[in-house]
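The numbers here are math on the coordinates, done by the rules we state, and not lab data. Given the structure is predicted, the values throughout are model-derived calculations rather than measurements. Note: ideal-geometry Cβ built from the backbone for every residue, glycine included; neighbour counts use all protein chains shown.
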Amino acid sequence: MLKQEENRNEFWSARKLAKVLEYYEYRNFIPVIEKAKIACKKSGHIVEDHFVDIHEMVSIGSGAKRKVTDVKLSRYACYLVVQNGDPTKPVIASGQTYFAIQTRRQELADNAAFQQLKEDEKRLFLRNELREHNKILVDTAQKAGIEATYDFAAFQNHGYKGLYGGLDAKGIHQRKGLKRNQKILDHMGSSELAANLFRATQTEDKIRRDKIKGKTKANQTHFNVGKKVRETIKDLGGTMPEDLPKVEKSADTLRKELNKLSAEGEENE
């Protein structure tokens, strides 16, 4: 399904992707591609850079061939196609998480400034992003029907359980050997923070996109997304988040140290 052009650009065959996503009649997949093109244009990208119409000759038996249409899809195009697919298909749900994670990983990989950051700086960057996205997640969860503080705690634990193989916040805290006053998010390395950021952003997106209402459905959605992120980490050969070591120095301490260094630098100018 994945191919590479001479200039090393990766692309996917729409016809082959259709079969993977369980659209066995290609004609039923075409509307999904068209919706993805619209989303691409609305996001400010040039459609032709990500969706390239092509014609290929395929064998139909007895040595005969016929011309068929296909579309070369970039990684971003695949992401948009999956996002616009039928969410009731389990393979679509898995694909939505996979491409969201891969796209975000690629964005960070392509971001030269991010790559030049040291681990401590990456931690602060991702911790700040997660803090902001959690605010958005809280707002979306409230609109879905989760209003009380204890309800939101349960909602968060469902996400953790999916991502951490059944461990809730308390279980993660114990597994990491953290002290009572230490927050789990403040003692995560950049890889673990990234996994939790994916969990938060994709849960918020799915609840909003699918117009999910009610505590039970919202909780189950958070669990399912967390589980999909976990499965994707496993598929990519990564370390399970509960097995990643805690970071001794908290994000809050790092922030204060960097602010102090910045202030001292300004004084010496």
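Miscellaneous remarks
- In region 163-206, the inverse of the mean reciprocal separation of distinct Cα atoms equals 11.3 Å; this is its Kirkwood hydrodynamic radius.
- Inter-label distance for E248 and K211, nm, one decimal - labels placed 7 Å from Cα along Cα-to-Cβ: 5.4 nm
- Taking every alpha-carbon pair within region 118-175, the share separated by more than 16 Å comes to 56 percent.
- Electrostatic bookkeeping for I207 treats Lys and Arg as +1 and Asp and Glu as -1; over the other residues with beta carbon under 12 Å from its beta carbon, the sum is +4.
- Every pair of different Cα atoms in region 87-255 enters the Kirkwood calculation, which places the hydrodynamic radius at 16.3 Å.
- Distance (nanometres) between label positions extended 7 Å along Cα→Cβ at V91 and T69: 2.3 nm
- Peptide packing: for 80-86, 171-177, the average count of neighbouring Cβ atoms within 10 Å per residue gives the ranking 80-86, 171-177, highest mean first.
- Within region 170-191, backbone nitrogen closer than 19 Å to the virtual label 7 Å beyond the Cα of K256 toward Cβ: 179-188
- Overall size of region 2-79 from C-alpha positions, given as principal axis extents largest first: 46, 31, 19 Å.
- Counting charges near I136 (Lys, Arg +1; Asp, Glu -1) among other residues having Cβ under 14 Å from its Cβ returns a value of +2.
- Highest mean packing first, where packing is the average number of other Cβ atoms within 10 Å per residue, the peptides 12-20, 222-230 line up as 222-230, 12-20.
- Remark: region 229-235, residue by residue, has Karplus-estimated 3J(HN,Hα) of 4, 4, 4, 5, 4, 5, 4 Hz, where x stands for each Gly or Pro and the curve is 6.51 cos²θ - 1.76 cosθ + 1.60 at θ = phi - 60°.
- Here the gap between K35 and H55, fully extended at 0.36 nm per residue and compared with their Cα-Cα distance, gives a gain of 5.1 nm.
- Per-residue 3J(HN,Hα) values for region 162-173, derived from phi via the Karplus relation 6.51 cos²θ - 1.76 cosθ + 1.60 with θ = phi - 60°, read x, 6, 9, x, x, 7, 8, 4, 5, x, 5, 4 Hz in sequence order (x marks Gly and Pro).
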